[in-house]
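What follows is a set of notes on a single structure, which appears directly below.
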2 protein chains.
Amino acid sequence: MPTATTKQYTIGDFARAVGLTAPTLRYYEDEGLIEPHRHRNGRRYYEEADINWVKFLLHLKGTGMSISELKQYVTWRAQGDITIPQRLALLQQVKQDFLVQYAEVQRHLQILNDKINWYEEKEAGVTDADESFAAYLDRLGHQE
Amino acid sequence: MPTATTKQYTIGDFARAVGLTAPTLRYYEDEGLIEPHRHRNGRRYYEEADINWVKFLLHLKGTGMSISELKQYVTWRAQGDITIPQRLALLQQVKQDFLVQYAEVQRHLQILNDKINWYEEKEAGVTDADESFAAYLDRLGHQE
DNA sequence: ATATAACTTCAAGTGTACTTTAAGTCAACA
DNA sequence: TGTTGACTTAAAGTACACTTGAAGTTATAT
């Protein structure tokens, strides 16, 4: 009965699988975010489970966590379930910060949309050609 | 009949008004994004209208535009209405890119939320203590 | 057998967006 | 009148997240 064998990825193949470059993976490793396995000859290899881990890290990164915050998270994780409260508190803080940014970004998008519409209406002659953008925002009730 | 006089801001007061620092305003000026007025003695002053302009720039910046894209926009603006099509195309492209990022960021938030909930349920003993995060995501139908 | 492609480490370089420093000028208040 | 704080320019420095280069080793395909 053969041991269930997991697919082993070279750094190049793994990089393709997670959408990063090999140098970036080495950089993340230097920063303590990943710890790949090694062949006897010194070459790295990665397994299926490492893909989920990196993708999860990229999700956290995408919510605004810096490399050093990720490092803190990873350090706590390595210390076991005892650090779950710390990890939870960190992620809750990240979420709070994220939501603040998220709200701001929605206002940015609204102004961008308004400006695009203003230009489009100006081009189409729908809006009074001389109505300023400020007056236009005012008319829409989109202050600031 | 006196000329309507507009409030004049020093760079420091203006910085406070728009939420930037004086050095950042000088930097933006170097980059061609702002063109403040000058007193005879060489000191800059800004007016009410400049506040709207900077705030608008910050909205665009907040949608992902780089300084150099803003510079291109500003350059076109200075050339008059003839460049409205270019400006419109640029902003539409910015919007497209923004919407792609926005969708990605929503997935990141979902995973962050899921992880927070997973930890909370684990701490509260609601979830089977041994259910992996991957299995948890699976159960919720939140793939990847 | 040999070429070439991918891997290794370590250090230096890059891009973006500021921030800080240095050296000096000017304005406002006690 | 002096001192404090804000202004001026130009250049150098910083933080972050990679990216690139150099010099060498190993694996794979012909």
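Bear in mind that the values in this text are calculations on the coordinates, not laboratory data. Remember, it's a predicted structure, so these values are computed and weren't measured experimentally. Note that we place each Cβ from the backbone using ideal geometry, even for glycine, and neighbour counts take in every protein chain shown.
Numbers for the structure displayed
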read-out	value
13 Å beta-carbon shell around A:Ser68, net charge (K/R +1, D/E -1)	-1
Cα coordinate range in the range B:79-144, projected on the principal axes (Å, largest first)	65, 18, 11
Relative pair counts by distance (%), Cα atoms of the range A:1-78, 10 Å bins	17, 51, 26, 6, 1
For B:Glu35, net neighbour charge (Lys/Arg +1, Asp/Glu -1) across residues whose Cβ lies under 14 Å away	0
Unit Cα scatterers, Debye sum, the protein assembly as shown: log10 I(q)/I(0) for q = 0.07 Å⁻¹	-0.43
Student exercise, the protein assembly as shown dipole from Lys, Arg, Asp, Glu Cβ charges, in Debye to nearest 20	920 debye
Computed log₁₀ I(q)/I(0) - Debye formula, equal Cα scatterers, no solvent, the range B:9-144, q 0.17 Å⁻¹	-0.92
Part-to-part distance (alpha-carbon centres) for the range B:103-132 and the range A:106-141, which is given in Å	41 Å
Taking chain B and dividing mean pair separation by its residue count, relative contact order in percent (alpha carbons under 8 Å, at least six apart)	15 percent
Rounded to the nearest 20 debye, dipole of chain B from Cβ charges on Lys, Arg, Asp, Glu	1220 debye
Where a label projected 7 Å from the Cα of A:Ala17 along Cα→Cβ would reach, residues of the range B:129-144 with amide N under 16 Å	B:144
Calculated [θ] (222 nm, deg cm²/dmol) that DSSP helices of n ≥ 4 give over chain A, each run adding -39,500 (n - 2.57)	-21500 deg cm²/dmol
Charge dipole (chain A, unit charges on Cβ, about Cα centre) - positive-most of A:Thr83, A:Tyr119, A:His37	A:His37
Span-like helix ranges in chain A, DSSP H, alpha carbon extent 20 angstrom or more, Kyte mean at least 0.0	A:48-62
Label-point gap, in nm, between B:Arg139 and A:Glu120 - each point 7 angstrom along Cα→Cβ	4.5 nm
